[in-house]
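The values are calculated or read from the model by the stated rules, or taken from the named source; none is laboratory data. Remember, it's a predicted structure, so these values are computed and weren't measured experimentally. Please note: Cβ atoms are built from the backbone with ideal geometry, for glycine as well, and neighbour counts cover all protein chains shown. We work out accessible area using only protein heavy atoms, side chains counted, and drop any ligands, DNA or RNA first. Shrake-Rupley method; radii C 1.70, N 1.55, O 1.52, S 1.80 Å.
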Amino acid sequence: MLEKRLRELGQEHIARLLSSEGTTVSRGLITGDLEGVDLDLVDSLIRGKGLYDPPRGPVEPAEVIPSSFASSEEAKDAILHGEELLRGGKVAALVVAGGQGSRLGIEAPKGVVKVTPVRGKTLFHLFAEKILALARHYRCTIPWFIMTSRENDGSTREYFHRNGFFDLGEENVSFFVQGMLPSVTEEGRFIVAENGGLFMNPDGHGGTFKALRRSGALGRMKDLGIEEIFYYQVDNPLVKVCDPLFIGIHSMNKAQMSSKVVRKSSFEEKVGVIVRQGGRTCLLEYSDMKDEIRYARDASGGILYWAGNAAIHMIRRDFAEKITDQDTMLPYHRARKRITARDLDGRIMEINGIKFETFLFDALPLADRSMTIEVPREEEFAPVKNLTGVDSLESSRRLQSGLHGAWLRRLGVDTTEGVSVEISPLFALGFEELRLKADQLPRSVERDTYLG
Ligand code: UTP
């Protein structure tokens with residue numbers, strides 16, 4: 001029974017509230033919140049077991065394929081290989097969109113944020129167009145898997161229905177819901193949420209593996225003949241979804257999980273870096289980086305650990321299966337957060353809480369083989385994390401327009417400074433495709449312009 005179990009776990013305060021006549025908590029909500037939650041796991045996390053322990057031992061820079069590789073002869077083979085996998089219908093796109101977007105401070109799913117600089121298309125709309133453009137180009141189907149959370153699953157599905165699945169075909173878009181875990185106080189006590197349930201948080205993007213397995217999405221991928229998964233995050237509009245070069249490099253090298261990296265912009269940029277440690281590729285988080293690593297210089301005085309994680313990965317389907325078959329646990333990270341909660345008398349207040357999450361990149365060291373490739377930041381990385389300033393909606397729009405403006409200038413189009421430019425993926429997915437349409441371009445761009 002619920003109260004007994006809660007008492008066993010040292011959560012008497014919730015058990016007491018449930019047994020009392022009061023209305024602070026709702027039995028129905030709490031039962032629903034804890035359904036499917038591994039309470040023994042939560043208990044051990046509270047006791048400090050299963051938590052992330054930064055690896056020890058010497059760290060070395062990761063071996064990275066430089067971005068200049070993209071224009072080499074060898075790259076052509078990799079691109080052909082990637083294209084073949086796409087044409088054969090062996091690649092799925094997977095976007096994680098279960099986060100809370102708390103820094104952005106919006107209630108709606110992040111994917112419905114209007115992100116493009118001229119038309120104001122949403123992130124989901126933009127990605128749908130990228131997938132549609134690829135599917136038309138390679139005459140294939142690219143199944144799209146979208147990870148949501150309990151909080152935003154309904155509104156995400158409803159958004160796709162309302163928009164006719166952006167012409168992708170409902171059967172080609174699958175949603176799967178990630179797990180949740182109760183947040184706790186500094187003392188490890190469950191927290192009552194405003195609605196009388198428990199305060200829960202999504203279990204992090206590392207929850208992708210478990211959620212893929214539990215929801216049946218991984219099985220569906222197998223049935224569809226998917227061999228490779230292109231993973232990305234919902235908040236980067238510049239991501240080259242299912243980039244054939246990346247797919248090709250990863251697959252030709254028989255890697256299980258691979259990563260794209262961008263050059264860190266400064267020693268202090270708050271981004272994790274891909275490194276080698278203990279003979280394995282892994283990600284060293286910014287917060288775990290000692291100064292001697294953060295400020296280490298290479299022979300020419302540059303940043304030695306420059307390989308910033310762009311959070312774009314290739315994952316072999318059978319690697320995801322292996323991890324989930326063995327129920328390998330990714331380590332949990334603790335993060336502090338401000339939480340609006342109810343106290344034991346039902347009063348609403350702001351408190352400091354702790355959430356437990358796993359991170360997808362912690363699966364990297366589990367891969368026997370992993371490739372890391374550098375991509376130019378201005379071409380592939382413009383995340384929307386904050387309301388203003390660095391990595392904000394504003395900076396992301398500027399970067400998108402900057403890239404498209406630069407493509408036009410390379411093709412001889414005069415662009416007036418300060419105007420915004422947006423090129424629809426359905427017009428050209430990249431510079432090479434735009435070059436083929438050079439005769440359809442205007443001579444000059446003097447006001448905000450959309451090419452679609
Ligand atoms: P972030 O770590 O940037 O978190 O997620 P966030 O939720 O978007 O924003 P903040 O930190 O609350 O401000 C990076 C990516 O991982 C997804 C997010 O949706 C985003 O695409 N994510 C994160 C999940 O899918 N689930 C999670 O539990 C956490």
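Would it be correct to say that S266 is under 24 Å from I303 (Cα atoms) and at pLDDT 95 or above?
Details: under 24 Å from I303 (Cα atoms): yes; at pLDDT 95 or above: yes.
Criteria met by S266.
Just to verify a result, which residue in region 86-100, among those that are within 16 Å of the ligand (Cβ to nearest atom) and open to solvent by 20 Å² or more (accessible area, probe 1.4 Å), is nearest to L238 (Cα to Cα)? This residue is G99.
In region 101-119, how many are more than 23 Å from A217 (Cβ to Cβ) and either within 14 Å of the ligand (Cβ to nearest atom) or open to solvent by 20 Å² or more (accessible area, probe 1.4 Å) (or both)?
Step one: filter region 101-119 for residues more than 23 Å from A217 (Cβ to Cβ), giving 102-108, 113-119.
Retained after the next criterion (residues that are either within 14 Å of the ligand (Cβ to nearest atom) or open to solvent by 20 Å² or more (accessible area, probe 1.4 Å) (or both)): 102-108, 113-115, 117-119.
Result for region 101-119: 13.
Reported count of residues in region 354-379, each being surrounded by 22 or more Cβ atoms within 10 Å (Cβ to Cβ) and more than 21 Å from L284 (Cβ to Cβ), is 1.
When region 143-194 is filtered for residues that are outside any strand (DSSP E or B), crowded, with 19+ Cβ neighbours inside 10 Å and of a type in the set (G, A, S), the ones remaining, listed by number, are S149, G179, S183. Would you be able to say whether some residue in region 70-85 is touching a Lys or Arg at 6+ places or on another chain (Cβ under 7 Å) and open to solvent by 30 Å² or more (accessible area, probe 1.4 Å)? Scanning region 70-85 turns up no residue that is touching a Lys or Arg at 6+ places or on another chain (Cβ under 7 Å) and open to solvent by 30 Å² or more (accessible area, probe 1.4 Å).
Going by the structure shown, is G22 touching a helix residue (DSSP H, G or I) at 6+ places or on another chain (Cβ under 9 Å), open to solvent by 30 Å² or more (accessible area, probe 1.4 Å), in contact (Cβ under 8 Å) with a residue 60 or more places away in the chain and not in a helix (DSSP H, G or I)?
On the way: touching a helix residue (DSSP H, G or I) at 6+ places or on another chain (Cβ under 9 Å): no; open to solvent by 30 Å² or more (accessible area, probe 1.4 Å): yes; in contact (Cβ under 8 Å) with a residue 60 or more places away in the chain: yes; not in a helix (DSSP H, G or I): yes.
It is false that G22 is touching a helix residue (DSSP H, G or I) at 6+ places or on another chain (Cβ under 9 Å), open to solvent by 30 Å² or more (accessible area, probe 1.4 Å), in contact (Cβ under 8 Å) with a residue 60 or more places away in the chain and not in a helix (DSSP H, G or I).
Is there any pair linking a residue in region 197-213 that is over 13 Å from E151 (Cα atoms) to one that is within 11 Å of the ligand (Cβ to nearest atom) and of a type in the set (S, T, Y), with Cβ under 7 Å and at least six apart or on different chains, and which? Pairs found: G204/T358; G206/T358; G207/T358.
Within the option set M200, M147, being within 30 Å of D345 (Cα to Cα) and within 16 Å of the ligand (Cβ to nearest atom) holds for one residue only, M200. Of all residue pairs spaced 6 or more apart or on separate chains, those with beta-carbon atoms under 7 Å, a first member in region 376-400 that is hydroxyl-bearing (S, T, Y) and a second member that is open to solvent by 40 Å² or more (accessible area, probe 1.4 Å) are T388/E394; S392/N386. On inspection, G302 passes the criterion of being open to solvent by less than 40 Å² (accessible area, probe 1.4 Å), farther than 30 Å from Q11 by Cα and without any contact (Cβ under 8 Å) to a residue 40 or more places away in the chain.
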